[in-house]
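A quick write-up on the structure given underneath.
The values are calculated or read from the model by the stated rules, or taken from the named source; none is laboratory data. In this text the structure is predicted, and so the values were computed from the model without any measurement. Using ideal geometry, Cβ is built from the backbone for each residue, glycine included, and neighbour counts are taken over all protein chains shown.
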Ligand code: ATP
């Protein structure tokens, strides 16, 4: 990893190579929005598909849903978001910059300030003469709360009574379907409901590329249990989250667990452990695991007047289930994987190559097929191989430019294998298989190509776990 601001290099690669572009760029940009380009979109899809396979399809205790972004406004009253989904913020009176006060204090003083009241935060800011990160002056407003939910008028009259919120988390769309799921599916506690979808937060200080954005995707699970089982279930899910991190290829030394202190816990949580990742800008939350008690279902029962009780036929019990919630940000997964994988490597001949050491499961392109030269009969054979492999994996054909440049392009995309057709292929029916990480090349018979790639690219559950 390059020493100077590695994030800058990653952002540049993402744009140059079609992973992620700044949002609405031709109109001068739209702050903290990003558009995923073709390779970023493919990588995102690989992550979501694998997550769904790992946490939903391969288990018998999970079902999935796809709920709406706009939910009845009462949902957010019941969940506590209208009241309490706030960040404390201050404005700089000099330059009009707006900041989360907790982040200002934490960064300047190296302390955690969760749980402090607005006036305690304001006093601390003044006493310690904290400077504005933008203009350097110390002249702030008092701290005040800012609700992070985006809202939109539902009617043409903009009647404030008809405001709908864009969901700030996918979880509530799951909770409000709990009853439908138990009525329509053959599920028995313990079981979980999973969902992948967009969430929106009007973050006060977004930034660090796609780490904190205003529109992002979450992969969430609400796992319903009997209260007595919560500690055991929590530990099992933490292990499963680590298995997932291993599956997609995170370097273990870049991951840690961080348990929230009592005063840091969200209003619904009795225990939360974050999996934090060592980003170039410091250790930050990647994923979270929370014991949400039966807070959400109890609230929805009270606000909707519809029972959210589960009837245990065997034990002849009725109760409102408790919930363990593992939550995964898609965009943060992508950013962390890119940071983990990015390398500017100095080669033996003194040249530098930029390479993404992405795990084959998440790499957007699995293999690239090249004719050594853009000439017959090499191109026909290379095309045949390309079409044969294309139905199995996302592979690319590239015949333009020097072969070295084509390898470098695929290195920057994180493509694990390149297959080259040369004149020897015509004589002995073999091709060159080039490995991205070692840059080694081996000669393999054409007829075994599919089998060799299958070994390297396909998921084998029994070996992974
Ligand atoms: P943070 O403390 O960083 O604001 P959070 O604790 O509010 O995060 P959760 O409410 O637990 O986050 O959200 C679940 C997951 O969604 C996070 O672990 C993260 O991966 C992702 N996430 C949350 N907010 C954002 C955001 N603004 N941009 C991108 N991803 C986000």
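Side notes on the structure shown:
- Scanning region 167-184 for residues that are touching a strand residue (DSSP E or B) at 6+ places or on another chain (Cβ under 8 Å) and either within 16 Å of the ligand (Cβ to nearest atom) or farther than 22 Å from residue 51 by Cα (or both) yields a count of 9.
- Qualifying residue in region 129-147 (condition: surrounded by 13 or more Cβ atoms within 10 Å (Cβ to Cβ) and touching a residue at least 60 places away in the same chain (Cβ under 8 Å)): yes
- Of the residues screened, residue 195 is one that is at pLDDT 90 or above and in the same structural domain as residue 297 (by TED's automatic domain parsing).
- Only one entry of 442, 455, 447 meets the criterion of being exposed (fewer than 13 other Cβ atoms within 10 Å of the Cβ) and in contact with a strand residue (DSSP E or B) (Cβ under 8 Å, 6 or more places away or on another chain), and that entry is 442.
- Total residues in region 190-200, condition more than 16 Å from the ligand (Cβ to nearest atom) and surrounded by fewer than 19 Cβ atoms within 10 Å (Cβ to Cβ): 1
- For residue 438, the conditions (1) assigned to a loop (DSSP other than H, G, I, E, B); (2) under 20 Å from residue 249 (Cβ atoms); (3) touching a residue at least 24 places away in the same chain (Cβ under 8 Å) are fulfilled apart from (3).
Listed here are the residues, each with its yes/no results for (1) touching a residue at least 12 places away in the same chain (Cβ under 8 Å); (2) surrounded by fewer than 19 Cβ atoms within 10 Å (Cβ to Cβ); (3) within 29 Å of residue 100 (Cβ to Cβ); (4) touching a helix residue (DSSP H, G or I) at 6+ places or on another chain (Cβ under 8 Å).
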{"site": "252", "(1), (2), (3), (4)": "no, yes, no, yes"}
{"site": "278", "(1), (2), (3), (4)": "yes, yes, yes, yes"}
{"site": "286", "(1), (2), (3), (4)": "yes, no, yes, yes"}
{"site": "290", "(1), (2), (3), (4)": "yes, no, yes, no"}
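- Flag set for residue 216, criterion: within 22 Å of residue 53 (Cβ to Cβ), within 9 Å of the ligand (Cβ to nearest atom) and in a strand (DSSP E or B).
- Scanning region 256-274 for residues that are in contact with a helix residue (DSSP H, G or I) (Cβ under 6 Å, 6 or more places away or on another chain) and either surrounded by fewer than 14 Cβ atoms within 10 Å (Cβ to Cβ) or farther than 23 Å from residue 116 by Cα (or both) gives a single hit, 267.
- Taking region 276-291 as the range and being closer than 19 Å to residue 78 by Cα and within 11 Å of the ligand (Cβ to nearest atom) as the test, only 290 passes.
- Among the residues of this structure, residue 414 counts as one that is touching a residue at least 60 places away in the same chain (Cβ under 8 Å) and at positive phi.
- The numbered conditions (1) within 16 Å of the ligand (Cβ to nearest atom); (2) in contact with a strand residue (DSSP E or B) (Cβ under 9 Å, 6 or more places away or on another chain); (3) touching a residue at least 24 places away in the same chain (Cβ under 8 Å) are all true for residue 272 except (3).
- Residue satisfying all of: in region 81-128; in contact with a helix residue (DSSP H, G or I) (Cβ under 7 Å, 6 or more places away or on another chain) and either part of a strand (DSSP E or B) or in contact (Cβ under 8 Å) with a residue 60 or more places away in the chain (or both); nearest to residue 284 (Cα to Cα) among these: 112
- The numbered conditions (1) within 30 Å of residue 425 (Cβ to Cβ); (2) surrounded by fewer than 20 Cβ atoms within 10 Å (Cβ to Cβ); (3) in contact with a strand residue (DSSP E or B) (Cβ under 6 Å, 6 or more places away or on another chain) are all true for residue 370 except (2).
- When residue 387 is tested against (1) crowded, with 16+ Cβ neighbours inside 10 Å; (2) under 20 Å from residue 448 (Cβ atoms), just one condition goes unmet, and that condition is (1).
- Among residues that are under 25 Å from the mean Cα position of the chain (by Cα), closer than 26 Å to residue 457 by Cβ, modelled with pLDDT of 95 or more and crowded, with 22+ Cβ neighbours inside 10 Å, residue 358 is included.
- Residue match in region 307-315 (condition: touching a residue at least 12 places away in the same chain (Cβ under 8 Å), within 16 Å of the ligand (Cβ to nearest atom) and assigned by TED's automatic domain parsing to the domain that holds residue 20): no
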